[in-house]
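Please treat every number below as a calculation from the coordinates, not as lab data. In this text, all values refer to a predicted model and were calculated from it rather than measured experimentally.
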């Protein structure tokens with residue numbers, strides 16, 4: 001846990017370091033763009049989820065740790081893919097996918113179909129309220145631009161291939177993305193395993209059955225070391241990737257030295 005907290009402390013200051021030392025120090029030659037927002041936004045989400053994981057582990061309340069580790073893995077994969085190459089294009093595609101999906105949600109909330117009416121009833125919001133709050137999403141020119149902006153960066157030409165990372169027309173699901181960046185083993189061993197908590201398929205893990213005997217477990221109990229080590233690896237790798245991408249060599253060297261000097265277990269994580 002000490003190693004993870006050390007790495008997390010660096011990750012927590014990483015965005016500030018990039019903004020100050022890369023953008024502010026080199027303005028206007030370096031201006032903050034969509035791909036920067038995608039990369040650093042995913043990092044901040046990763047940091048927040050890691051904080052939540054630590055809170056759960058230290059309070060010995062392990063329900064949710066599988067789901068958090070799985071989500072952290074998704075952040076990790078997305079950042080790795082964006083920074084791998086064509087970073088500007090891939091980051092732009094990620095941002096545009098969020099805007100496009102918001103438009104699809106708007107369509108659901110304002111739909112005249114029964115599904116739309118049920119959503120509005122559940123939220124106790126009238127259709128006109130959604131339209132008034134998001135007027136651009138009712139404008140056909142704006143909607144077409146959102147669609148075009150989403151399809152353009154990765155040269156997608158069909159709404160059937162609207163996965164933002166489908167850069168080659170073949171990477172149309174998360175497993176294939178993991179394969180592309182060389183993380184298929186992590187997908188099979190970690191993502192698939194931890195998905196059972198996300199999809200509510202762990203019910204039987206709370207019972208132990210013997211003949212004429214049933215034992216009930218009120219909370220999950222397991223060695224959390226795998227979660228801690230896994231997330232430590234992900235964060236460490238991403239810190240190095242981001243410092244490298246923004247050419248902050250001194251910060252990268254300092255980070256590597258601090259981890260090496262202060263933690264003997266670093267050799268297992270490199």
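Plugging the Kirkwood radius over Cα pairs into Stokes-Einstein for segment 1-149, at a temperature of 20 °C and a viscosity of 1.002 mPa s, what D comes out in µm²/s? For the chosen part, D equals 116 µm²/s. For the pair residue 247 and residue 34 in one chain, pulling the backbone fully straight at 0.36 nm per residue adds 74.8 nm over the alpha carbon distance. For segment 64-132, the C-alpha radius of gyration sits at 1.58 times the compact-globule guess of 2.2 N^0.38 Å, with N the residue count.
Could you estimate the translational diffusion coefficient of segment 93-166 from the Stokes-Einstein equation, with Rh from the Kirkwood formula over C-alpha pairs, at 25 °C and 0.890 mPa s, in whole µm²/s? Calculated translational D: 186 µm²/s.
Both numbers refer to the Cα atoms of segment 1-69; Rg and Dmax are 15.2, 49 Å.
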